[in-house]
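Written out below as structure tokens is the structure these notes cover.
The values are calculated or read from the model by the stated rules, or taken from the named source; none is laboratory data. Note that the coordinates shown come from a computational prediction; the quantities given were computed from them, not determined experimentally. Here the Cβ positions follow ideal geometry from the backbone for every residue, glycine too, while neighbour counts run over all protein chains shown.
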Ligand SMILES: [Fe+2]
């Protein structure tokens, strides 16, 4: 099972321009996922899919997603707006108007939650959303489960994008997660950079954005004193592949660029491949004595 992830598309950053940078960058990633060697079984798009939460951007995304040769499951971020999002992506409402739903896969379960509070940049998670999550998790207490959400619940260290661990929504969310040991990890976006962390004993995989990235600068930032530091940088558009191997979810982070190939699988490499395969149980090799 191969789950692809894109995040922070920010379509509509340049309104009225159908060839805007963020669209070109999104297309580059969709092209890799569609035509590359690693065709996913499904794609999740973890929020901030439209920069201004406008219906036109959602309609364009809906059309793009419908053309993908695999199902696409969008979730909501702080730049999104629920009313237009739900008007364009029907069936993703999990009660009380929130964008919350489950994706049932053969061996694991994805539970998507809504961390948007309109008018706020940072995350939110209220008692109503928590009750929904608690009930949904209780329905499958054994099946390995990953929670899909826009805002990571940990403090990243990129000061201007930080989540403060004392924010009340973190504890509301954590209380639910602690009750459900089948929650193996979280899959997030928002930071515009690939990051991993352990949080409450779970792995958190944060995918880089298809839109330009947040500069990796871990110095404190002074709200009263602009210091001309780089904040947004245009590295190649990012995506992630999460591969379920039957035991663990293994996350790869990559970019839709064109790196130089330094070695190919040709006759010169064949000896190495034979040796490596021969070392593995069940692939022709026994233990080396
Ligand atoms: Fe965001």
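Residues in the stretch 149-207 that are assigned to a helix (DSSP H, G or I), closer than 17 Å to residue 132 by Cα and within 14 Å of the ligand (Cβ to nearest atom): there are none.
Of the candidates 204, 214, the single residue that is touching a strand residue (DSSP E or B) at 6+ places or on another chain (Cβ under 9 Å), farther than 19 Å from residue 114 by Cβ and either free of Cβ contacts under 8 Å to residues at least 60 places away in the same chain or crowded, with 21+ Cβ neighbours inside 10 Å (or both) is 214.
Please verify whether the stretch 215-227 includes one or more residues that are under 19 Å from the mean Cα position of the chain (by Cα), away from the ligand (no atom under 16 Å from the Cβ) and part of a loop (DSSP other than H, G, I, E, B). Yes, some residue in the stretch 215-227 is under 19 Å from the mean Cα position of the chain (by Cα), away from the ligand (no atom under 16 Å from the Cβ) and part of a loop (DSSP other than H, G, I, E, B).
The condition of being surrounded by fewer than 19 Cβ atoms within 10 Å (Cβ to Cβ), within 16 Å of the ligand (Cβ to nearest atom) and without any contact (Cβ under 8 Å) to a residue 40 or more places away in the chain holds for only one of 52, 82, that being 82.
Number of residues in the stretch 36-49 that are within 15 Å of the ligand (Cβ to nearest atom), assigned to a loop (DSSP other than H, G, I, E, B) and on the phi < 0 side of the Ramachandran plot: the value is 1. From the list 138, 131, the one residue that fits, being over 17 Å from the mean Cα position of the chain (by Cα) and without any contact (Cβ under 8 Å) to a residue 24 or more places away in the chain, is 131. Which residues, counting only those in the stretch 12-24, are under 15 Å from residue 238 (Cα atoms) and within 16 Å of the ligand (Cβ to nearest atom)? Within the stretch 12-24, just 22 meets the criteria.
For the stretch 88-108, the count of residues that are under 19 Å from the mean Cα position of the chain (by Cα) and surrounded by fewer than 16 Cβ atoms within 10 Å (Cβ to Cβ) is at least one. All of (1) at pLDDT below 95; (2) closer than 19 Å to residue 104 by Cβ hold for residue 162 with one exception: (2).
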